[in-house]
Amino acid sequence: MDRKRIVITGLGGLCGLGTDAAAIWDGLRNGRSAIGTIVQSPLHDLKTRTGAEIKELPDHGIDRKQLVSMDRFSLLAVIAAREAMRHAGLTSDETNTYRMGTVVGVGVCGWEAIEENYRAILLEGRNRAGIFTVPKVMPGAAAGQVSMNLGLRGPVFGATSACSSSNHAFATAMDQLRAGRADVMVAGGTDAPLVWGIVKAWEALRVLSPDTCRPFSADRQGLVLGEGAGMAVLETYEHAVARGATILAELAGAGMSGDASDIVAPTVEGPAAAMRACLHDAGLAPEEVDYINAHGTGTKANDQIETAAIKRVFGAHAHKLSVSSTKSMHAHCLGASGALEMIACVMAVREGLVPPTANYREADADCDLDVTPNVAKARPVRVAISNGFAFGGTNAVVAVKAA
């Protein structure tokens, strides 16, 4: 099948590890965990005060008129998108604005604004909500704000599928490029869940770790929430070559599936189907994959089921793969996780270095793959895949290969 090749020409991001893509990669390659005590957000009566927060935003220079209509998750997306466009050496003008678009994944939308309004009305007795509450809260707000800030008038929309949102954004952005609807798509994800209501809700699920995130370690106690955003500039190969762009890597394919089983409990079959679909879409044999950035949340069931799914898809080759969960360092940033993990995959391909699974302490017989414990591993990485598996059984996997 003759299809347009899609390449990555720019990266941007911020999370607890740093406020640009280079700082994030530096933290990942050195196994540095950003998880600690949350100090920026008022968490009131919560037992859980562990997370990976951005201590201070970079000097972004975004106009105040736009800022007043943005919730934090949108602001993070715009900062990351601006960096990615600068990295790609791209700007929009009247000649290309309708050929450039954006898809931004989000898991929980504008809860900062929701919480501010609940408290103002229910606790402080105010009689109306903030005028920008609706445009701040809506899940598609981040995509709209990125579009406005960068002047992107092509396909613009949000993707929301919990923890798979970023990978669904990459997959659908790639589809826009393959279909000829755009030449450039800025794609990724964002989330800012470190607010009282969200953490309280996750606390009720009893899946939050009391200290840190230890994916695949036998003594793991659960996941840790974080905030952040990651964005990648995707282009058709022809467009990138024509303008003399530096190609960082190729987005080779994507695979998606639904468990159709349980709203919170994952299956082996669903993730396995998404990985197989991704390999088929990319035209890759299982033996060609060198590295898997695992969904790896640090919960008992998730890590065991993901290990079983990887074995089912890759067979004997599963034990030759390098696997790691970078959520051990940037935490689970929900809709942003896959976008931060895209940075890890692109840089692993470019530098031949697999970022580690930090905080690992004890081997688990049910998670017996090479999970790259604690220290990065130097090895050739021609192909990396990133797994995203979410509540609702919505699975999305993307493949990156050397340009």
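The values are calculated or read from the model by the stated rules, or taken from the named source; none is laboratory data. Since the structure is predicted, the reported quantities are computational estimates derived from the model, not experimental observations. Cβ atoms come from the backbone with ideal geometry, glycine included; neighbour counts cover every protein chain shown. Side chains included, ligands, DNA and RNA excluded: accessible areas come from the protein's heavy atoms. Shrake-Rupley method; radii C 1.70, N 1.55, O 1.52, S 1.80 Å.
Points worth noting:
- Within segment 375-397, considering residues that are open to solvent by 10 Å² or more (accessible area, probe 1.4 Å), small (G, A, S) and part of a loop (DSSP other than H, G, I, E, B), the one nearest to A285 (Cα to Cα): A376
- Residue among R86, R32 that is open to solvent by 80 Å² or more (accessible area, probe 1.4 Å), charged (D, E, K, R) and part of a loop (DSSP other than H, G, I, E, B): R32
- Residue count for segment 256-273 satisfying the condition of being without any contact (Cβ under 8 Å) to a residue 60 or more places away in the chain and within 16 Å of S386 (Cβ to Cβ): 1.
- Residue list for segment 319-374, filter: surrounded by fewer than 24 Cβ atoms within 10 Å (Cβ to Cβ), among the small types (G, A, S) and not in a strand (DSSP E or B): G352, A363, A365
- Helices (runs of 4 or more DSSP H) wholly inside segment 131-218 containing at least 1 residues that are touching a Cys at 6+ places or on another chain (Cβ under 7 Å) and in contact (Cβ under 8 Å) with a residue 12 or more places away in the chain: 133-137
- Hits in segment 241-276 (condition: within 27 Å of L205 (Cα to Cα), open to solvent by 70 Å² or more (accessible area, probe 1.4 Å) and assigned to a helix (DSSP H, G or I)): E269
- Residue that is nearest to the chain's Cα centre (by Cα) [pool: residues in segment 290-299 that are not in a loop (DSSP other than H, G, I, E, B) and not aromatic (F, W, Y)]: N293
- Scope segment 348-374; condition hydrophobic (A, V, I, L, M, F, W, C) and either within 22 Å of the chain's Cα centre (by Cα) or within 15 Å of I292 (Cβ to Cβ) (or both); matching residues: A348, V349, L353, V354, A358, C367, L369, V371
- Qualifying residue in segment 277-289 (condition: assigned to a loop (DSSP other than H, G, I, E, B) and free of Cβ contacts under 8 Å to residues at least 40 places away in the same chain): yes
- Top-ranked residue in segment 1-29 [being open to solvent by less than 30 Å² (accessible area, probe 1.4 Å) and touching a Phe, Trp or Tyr at 6+ places or on another chain (Cβ under 8 Å); ranked as nearest to A282 (Cα to Cα)]: I6
- Selection status of N117, in contact with a Ser or Thr (Cβ under 7 Å, 6 or more places away or on another chain), buried (at least 16 other Cβ atoms within 10 Å of the Cβ) and either acidic (D, E) or at pLDDT 95 or above (or both): no
- Some residue of segment 379-391 being closer than 27 Å to G188 by Cα, aromatic (F, W, Y) and within 14 Å of the chain's Cα centre (by Cα): yes
- Matching option when the condition is within 20 Å of S161 (Cβ to Cβ), over 18 Å from the mean Cα position of the chain (by Cα) and among the charged types (D, E, K, R), among E269, E287, E306: E269
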